[in-house]
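The values are calculated or read from the model by the stated rules, or taken from the named source; none is laboratory data. This structure is a prediction, so every number in the text was calculated from the model and none was measured. Positions of Cβ are backbone-derived with ideal geometry, glycine not excepted, and every protein chain shown enters the neighbour counts.
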Amino acid sequence: MQQNIGTRDRIIRITGGLGLIAAAALGFIGIWGYLGVIPLATALIGVCPAYLPFGVSTCPIAPDKK
């Protein structure tokens, strides 16, 4: 699969995912906080399955190669 997550999107996903996991582990929020694994995983692999059906990509556009 072609990557569809850009650098800014990746940073936001990693920060948010780790924040949710940490908050759940420390007891600030319920067990649902472990859902932070999902944005963390998508950031690490660089592909968001939810973007695929809509053709969305936050990666910069690559220049044409001739």
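Things worth noting here:
- Residues considered: Thr15, Thr58. Of these, the only one that is under 22 Å from Gln3 (Cα atoms) and at pLDDT 95 or above is Thr15.
- Taken over region 45-61, the criterion of being of a type in the set (Val, Ile, Thr) and surrounded by 10 or more Cβ atoms within 10 Å (Cβ to Cβ) is satisfied by Ile45, Val47, Val56, Thr58.
Yes/no matrix, rows are residues, columns are (1) among the acidic types (Asp, Glu); (2) over 19 Å from Cys59 (Cβ atoms); (3) surrounded by 12 or more Cβ atoms within 10 Å (Cβ to Cβ):
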residue: Arg10; (1), (2), (3): no, no, yes
residue: Arg13; (1), (2), (3): no, no, yes
residue: Leu18; (1), (2), (3): no, yes, yes
residue: Ala23; (1), (2), (3): no, yes, yes
residue: Leu26; (1), (2), (3): no, yes, no
residue: Ile31; (1), (2), (3): no, yes, no
residue: Ile38; (1), (2), (3): no, yes, yes
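- Annotation note: of Ile21, Ile12, the sole residue that is in contact with a Phe, Trp or Tyr (Cβ under 7 Å, 6 or more places away or on another chain) and of a type in the set (Val, Ile, Thr) is Ile21.
- Number of the condition not met by Gly16 [criteria: (1) in contact with a helix residue (DSSP H, G or I) (Cβ under 6 Å, 6 or more places away or on another chain); (2) part of a loop (DSSP other than H, G, I, E, B)]: (2)
- Boolean, Thr58 is more than 10 Å from the chain's Cα centre (by Cα) and on the phi < 0 side of the Ramachandran plot: yes
- Residue match in region 57-65 (condition: acidic (Asp, Glu) and assigned to a helix (DSSP H, G or I)): no
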